[in-house]
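Worksheet: the structure to be examined is printed underneath.
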Amino acid sequence: MSVGLQGRHEVLASELGEDATVVFASVGCTNGAGLQSFHFTELTVDGSAPVPGEVVEVCDKTLDVASGVDCVHFNAHVLSARWTPWEDTESGITNYRVSFGVAPDDHSLKAPTDVGLATDVVFDVLEPIASGTIVYITVVGFSGAGLQSSAFSDGVLYESTAPAAGAVEFFLNGHLVVAEWPEATDAEIAADIS
């Protein structure tokens, strides 16, 4: 097809065939003297988004907690994430973008940041994450065709306050030293007192 002198022409990938179809494209030009030059390339049709991996939460401790979130992180100055690789058999994965927020697909704690092909990242934060905050990780993978897909974590509970153990009373009971205290409480997680 002739497209004139314009420097760009677009064709929908769906017009070229099904996913994974190999097509050959060429661009040629002819000058006023009739001389020609051509450029050829092989392309693989890719109209499907990459298959996302799984966001794996980085936990300091795994607990059963009231909020339903089972991953607890204690360092309020660090945001960290890990994920399994995305897959795209037609055009491959070119890069990932990761962000952190207080809900899935929220970026309020860390704006979307391109991390190349890394699948494990750690970011230092200047403002500490408030104790009791549930942080969600969003990872977006991009294919060589520019298509993208996202995956989210289940949430990581940031905990930086100690439980309130209450007053401890010691007394002698015959030959025994006895310690008694009220039930410990923790606003963010079930207390694990030992």
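At 0.36 nm per residue, minus the direct Cα-Cα distance, what do Phe40 and Thr89 gain on full extension? Give it in nm, one decimal, please.
Gain on stretching Phe40 to Thr89: 15.4 nm.
Compute the Rg to Rh ratio over the range 84-181 from the alpha carbon atoms, using the Kirkwood formula for Rh, and round to two decimal places. Please list the in-between numbers first.
Working: Rg = 22.7 Å, Rh = 16.8 Å.
Radius of gyration relative to Kirkwood radius: 1.35.
The numbers here are math on the coordinates, done by the rules we state, and not lab data. Everything numeric in this text was worked out from a predicted model, so none of it was measured.
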